[in-house]
Amino acid sequence: MSRLPVMSNKRVLMSSGSSSESSQDLAPLRKKSRQDLDQPAKSQVASTVSKRPVAIARPNVSKPLRTTGAATVAVAPSRGVLKPSTMSAAAKSANIRATTGVKVDGGNKRAPWDLKGKVCDMEEKLKNYQTKVKSVNQENEVLKGSMVQTRQRASDMEKELEKQRGQLSAFQKQLEELSGVQEELEKVSTERDTLQKSLCNLEDKYKIMETLRDSQEVELQTLKMKLSVQDSSLARLQQTLRDTEEEVQSLKETVSQQKDELYSGEMERRKLHNAIQELKGNIRVFCRVRPLVDGGLSKHIHLASDDKTSISLAKTEESHTGKGTDTQRNYSFSFDRVFGPQASQQEVFEEISLLVQSALDGYNVCCFAYGQTGSGKTYTMEGDEFHESRGVIPRAVQQIFKASDKLSSQGWEFTFTASFVEIYNETLRDLLYTGKADKRPEHEIRKSNNDLTVTNLTYQKVSCEDQVLGLIALANQNRSTAQTAQNDRSSRSHSVFKLDIEGVNTGRDVKCKSALCLVDLAGSERMLKSQSQGDRFKEMTAINGSLSNLGIVITALANKESYIPYRNSKLTYLLQNCLGGNSKTLMFVNIAPEPDSFGETLNSLRFASKVNDCVIGTASANRK
């Protein structure tokens, strides 16, 4: 029995019953081994060496293996390289045919007694196996070298991969930086384009400015020429200015002299105006006849067409004996001015406008209306809301403010304070009070330094005509009125509107203080005609009593008595300074034209005659 050399460092091939996983890993090697069996060993080694330039390690040979007739020795390749366990059927058949010439597959078999032939077959088969083992060992060595190289290359490639990764991260950082730089570059490019456009525009503007500069230079030359001309003109104007300044200075002196003359003229005007008013009398009486309701003419009132100061009443009286014929009796009166039924509100006010002017000159002025109920007293003093029919009070206020505006150019400054009070049943009431009716304060007349004041009364500062008209409207709403048989809206009280005036001329160091008092008296009435009852009768009694006291005061003044009973009524006490003090007084006596009012008309005219005959002291201006 022969022995075969076996490599000690080789493993035995894994059996076919090994795990499928190892078989799958070794499948490519088995396939290659089967392919290599068809080629000679030398050519196989040469081709392997030529493809893979790796040094082939010679296998270590250990003690030979003993051969037996039926034994098969298999040597496993080292490091997991498998040697085919069996040869293909085609290879076996070829080997047997080559040695013995007997078919193995499908042919004749050796006889059982042909042991020599069988040994030869086995030896031949062993040689083939040994050849294959050598080839496989060589290939195994080649693969070992190739694996070492591969592992070395893998290690190098891993290092290179790590290096490439580092470079890649560096490149990524550079890429990010470059992306920011790219954006900045785009911005810069955009700005560059914008700057280029701006540069183009500036170049165009520069060209335009150059053109303008040229034109401006030409114009400058022209202006220089004009400037030289203007310099000469300026020299002439400066000389003219000096002459003008001298003339202005002369005119200022003239204006100053004229202001002095104007002030002297104003003082002279006031003096002459006051003299005229004194000549007319400090107490003046105007008579006004109300027109009939139907527009006709009254038969018992006669007005002379050529004389505007007289009025007469005619009445037919029956004979007392009854035997004689009826006789006509005439009553003639003379006043400062008599206004017929056709007289307008403007015509009436023009007669008292000079008297109102005296209020701004520093004189106390009082104007009041007297007459029976329904004779037109309220219409004369207040009028209607239309401009043409406005009465004495709104027209006087308008004149006061217009005249004060004119005097302001002469250095005068005026302040005005308005108040409105009524005397109802011998009680003072504030017509400008806006609080609750149950909380009305009580009022008393106080006299101090010849000045009369009313306590708890509303004194309202006013600066224009509209403010005063608003106060008059408020007073009319608060005034006591009622309906009687003689008048649908009869005034049941005496109303007194007072405008206090204070003037200052700082440049002349002159001050003046005065008061404009406008009074609308309640109408006198007879109980038989007015048919007053209850509160109306009480009001009638209070009205007639205050008017009787007014007549008593007027009579005492006319008779120049030493004692004047002003305190007998609130009306005479409130009008004390207007009747007998330092004041210019005007009374309107209003008469009704109806025949049934003849008695009241006669009494009113007689009372007015007493007032007209009254002479009081000369009024003086309140100046400091």
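The values are calculated or read from the model by the stated rules, or taken from the named source; none is laboratory data. Since we're looking at a predicted model, the values are computed, not measured. Neighbour counts are summed over all protein chains in view; Cβ atoms, including those assigned to glycine, are modelled from backbone coordinates with ideal geometry. Remember, those area values only see protein heavy atoms, side chains included, never the ligands or the DNA or RNA. Shrake-Rupley method; radii C 1.70, N 1.55, O 1.52, S 1.80 Å.
Numbers below:
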{"quantity": "Kirkwood Rh, Cα atoms: Rg over Rh of segment 413-472", "calculated": "1.00"}
{"quantity": "Centroid-to-centroid separation of segment 379-397 and segment 162-181 [C-alpha atoms, Å]", "calculated": "104 Å"}
{"quantity": "Peptides ranked, highest mean first, by Cβ atoms within 10 Å: ranges 242-253, 334-345, 111-122", "calculated": "334-345, 111-122, 242-253"}
{"quantity": "10 Å binning of all Cα-Cα separations within segment 141-264, expressed as whole percents from 0 upward", "calculated": "10, 10, 10, 9, 9, 9, 9, 7, 7, 5, 5, 4, 3, 2, 1, 0"}
{"quantity": "Estimated FRET transfer efficiency when R0 is 41 angstrom, pair residue 513-residue 436 (beta carbons, to 0.05)", "calculated": "0.75"}
{"quantity": "Computed lengthening from residue 209 to residue 613, 0.36 nm per intervening residue step minus Cα-Cα distance", "calculated": "135.8 nm"}
{"quantity": "Label point distance in nm, residue 199-residue 351, each placed 7 Å from Cα along Cα→Cβ", "calculated": "10.0 nm"}
{"quantity": "Cα-based convex hull, segment 363-479, per residue volume (Å³, whole number)", "calculated": "146 Å³"}
{"quantity": "Whole-percent carbon and sulfur share, accessible surface of segment 325-469, 1.4 Å", "calculated": "44 percent"}
{"quantity": "Sites residue 259 and residue 331, calculated FRET efficiency, Cβ-Cβ separation with R0 45 Å, nearest 0.05", "calculated": "0.25"}
{"quantity": "Against the rule of thumb 2.2 N^0.38 Å, how large the Cα Rg of segment 333-392 comes out", "calculated": "1.20"}
{"quantity": "For residue 339, residues with placed amide H under 5 Å, excluding near neighbours", "calculated": "287, 288, 289"}
{"quantity": "Label point distance in nm, residue 567-residue 410, each placed 7 Å from Cα along Cα→Cβ", "calculated": "4.2 nm"}
{"quantity": "Cα principal axis extents for segment 193-234, largest first, Å", "calculated": "56, 14, 5"}
{"quantity": "Stretch gain in nm, segment residue 309-residue 541, where the contour uses 0.36 nm per residue and the Cα spacing is subtracted", "calculated": "80.2 nm"}
{"quantity": "For segment 382-467: accessible area per residue (Å², 1.4 Å)", "calculated": "57 Å²"}
{"quantity": "When each of 118/144; 439/570; 439/461; 461/570; 511/570 is checked by Cα-Cα distance, pairs over 29 Å", "calculated": "118/144; 511/570"}
